[in-house]
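In what follows, a single structure is set out as structure tokens and then discussed.
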Amino acid sequence: MGIDIEYLLTFLADELQGLEDVRIMPTLPSTTRKAADLPQDYDPNEHSVHLNRGVTVRAGSRDYFFPAEWATSGKQDLITTLAREIRDFLES
């Protein structure tokens with residue numbers, strides 16, 4: 001886990017404190033391996049879902065994803081806007 005994900009975790013914990021039914025989790029890249037005795041039926045280059053890095057927030061029945069790039073590329077306004085959207089959803 002990098003400093004970008006640590007920043008997002010800390011920021012979101014502060015922004016969403018006091019709200020019920022919120023879970024904040026780091027999302028790190030996963031890998032797939034080909035079994036030697038099974039045919040390969042999955043193309044790991046077809047989708048990029050397994051390459052995502054960031055933080056996932058589960059709020060009620062919704063999932064929100066904050067990409068790690070937002071923390072390092074100066075997109076604080078996107079982070080704040082999405083955190084406000086989560087707060088508004090849970091307070092309504």
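How many of the residues making up region 1-19 are surrounded by fewer than 10 Cβ atoms within 10 Å (Cβ to Cβ) and either under 12 Å from ILE79 (Cα atoms) or of a type in the set (S, T, N, Q) (or both)?
Qualifying residue count for the region: 1.
Hey, ASP43 hits all of (1) part of a loop (DSSP other than H, G, I, E, B); (2) modelled with pLDDT of 80 or more; (3) more than 13 Å from the chain's Cα centre (by Cα) but one; which does it fall short on?
(2)
All but one of (1) at pLDDT below 80; (2) surrounded by 10 or more Cβ atoms within 10 Å (Cβ to Cβ) hold for ASP37; state the number of the condition that does not hold.
Exception for ASP37: condition (2).
The values are calculated or read from the model by the stated rules, or taken from the named source; none is laboratory data. These numbers were taken from a predicted model, which means no experiment stands behind them. Cβ atoms come from the backbone with ideal geometry, glycine included; neighbour counts cover every protein chain shown.
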